[in-house]
């Protein structure tokens, strides 16, 4: 009996020893296989399309290069160089991938490849836009982490024209009301953060990796938090993004920006929201896009303003520093000096470089003693300044009573501006006006330079008449 027990005990020890000896390596192999399977990409063609669209619309050549199979990128028929050249010329591109997955099929020449056909692309060339139709050929590459990569990105058709119906198809689907959308509470939270100007809380609304990928959009939206905002959600539209279970878009949001009681602009915002997190999944911003504004009044030029009472040839210059830090005062003063010199010397490129891309310029005409404001965007301002420069042979600008208020990222400069223009034709008298001008300047997130974001002018009333001698 004892011999049997001993034999059983020894057998158990041998079995345990064998398990320990061979079980650990087997377990490691199983874990490695599981790791490989988990590491292999589950990326769908729809996911790749979204990456391709973002790379093309961003104009980032590095991101676009990363989408390609390296040994196919430089082939003559790949289409790579055509798109890369648009990037180098800094031409804006828009892509519509709505229903593109429905036009995905196996490539007849390479059954392991996929073809995605008839993708509409809008190229904003000078003059009329260029409308393209593109076909992508993609293949899965990689030994362990397999990813879809581009083999071809070819333009199969293109024409100039203004028929942009291909881009009016919505990329999102399943529009819902505010009360039914799962992201409606998050959007309400975003609204409160904007209106409270809570920069720290706003940053926390973002997914960190998405914030780094869309740093320009984040910085621009973050910069607007320096000003008062009113958010209008009355027209908001919610939509679930096609081919995604957890991504939603909220668009048609109107945001009105003020600064110190001065209206700056009303623009649209589009939010892209997705559930993020491994254990605790929460709604996070993955994009906050500041769109176009809705100020569309017909602009008028400086020369349209009527003559007012003559002011003295000499003005007493005084500088009132305001409450801005000294470094802001110095920088803004330098910008004003550059702005004044460029205007007087008709250096249009330098003059326009001082204005932000989304600058709103208010010009005023006086009719019957009543001031009538009109609004210009940057592209309108350039055209009007061309006309102004052609109209006057000589332009003189005097700045006095300068006051600068603000902080290290934003400032408003208020001053008296005297404009004097001598017409190019010698049979017309010189035109002179004087008014109070206010410029709102901020650090532009795209290049870090101070830029003019808003400009207003009002007639300086009760200008005294001085004797000329």
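Yes or no: region 254-262 includes at least one residue that is at pLDDT 85 or above and under 27 Å from residue 59 (Cβ atoms).
There is at least one residue in region 254-262 that is at pLDDT 85 or above and under 27 Å from residue 59 (Cβ atoms).
Listed here are the residues, each with its yes/no results for (1) at pLDDT below 90; (2) under 19 Å from the mean Cα position of the chain (by Cα); (3) more than 16 Å from residue 287 (Cα to Cα).
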| position | (1), (2), (3) |
| --- | --- |
| 187 | no, no, no |
| 194 | no, yes, no |
| 198 | no, no, yes |
| 201 | no, no, no |
| 213 | yes, yes, no |
| 216 | yes, yes, no |
| 229 | yes, yes, yes |
| 234 | yes, no, yes |
| 244 | yes, no, no |
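Filter region 138-148 for residues that are at pLDDT below 90 and part of a strand (DSSP E or B); which is farthest from residue 111 (Cα to Cα)?
The qualifying residue farthest from residue 111 (Cα to Cα) is 147.
I'm trying to understand the selection: among the residues of region 198-225, which are surrounded by 17 or more Cβ atoms within 10 Å (Cβ to Cβ) and not in a helix (DSSP H, G or I)?
Within region 198-225, 205, 206, 207, 214, 225 qualify.
Give me the strands (runs of 3 or more DSSP E) completely within region 343-452, filtered to those with at least 2 residues that are surrounded by fewer than 19 Cβ atoms within 10 Å (Cβ to Cβ) and touching a helix residue (DSSP H, G or I) at 6+ places or on another chain (Cβ under 7 Å), ordered by residue number.
Fully inside region 343-452 and qualifying: 355-367, 392-406.
Are there any pairs with C-beta distances below 8 angstrom linking a residue in region 416-442 that is in the same structural domain as residue 226 (by TED's automatic domain parsing) and within 17 Å of residue 362 (Cβ to Cβ) to a residue that is at pLDDT below 85 and part of a strand (DSSP E or B), with the two at least 6 apart or on different chains, and if so which?
The qualifying pairs do not exist here.
Filtering region 93-129 down to residues that are over 22 Å from residue 160 (Cβ atoms) and in contact (Cβ under 8 Å) with a residue 60 or more places away in the chain, which residue is surrounded by the most Cβ atoms within 10 Å (Cβ to Cβ)?
Across region 93-129, the extreme among qualifying residues is 116.
The values are calculated or read from the model by the stated rules, or taken from the named source; none is laboratory data. Values in this document were obtained by computation on a predicted structure and should not be read as measured data. When we count neighbours, we look across all protein chains shown, and the Cβ atoms used for this are built from the backbone with ideal geometry, even at glycine.
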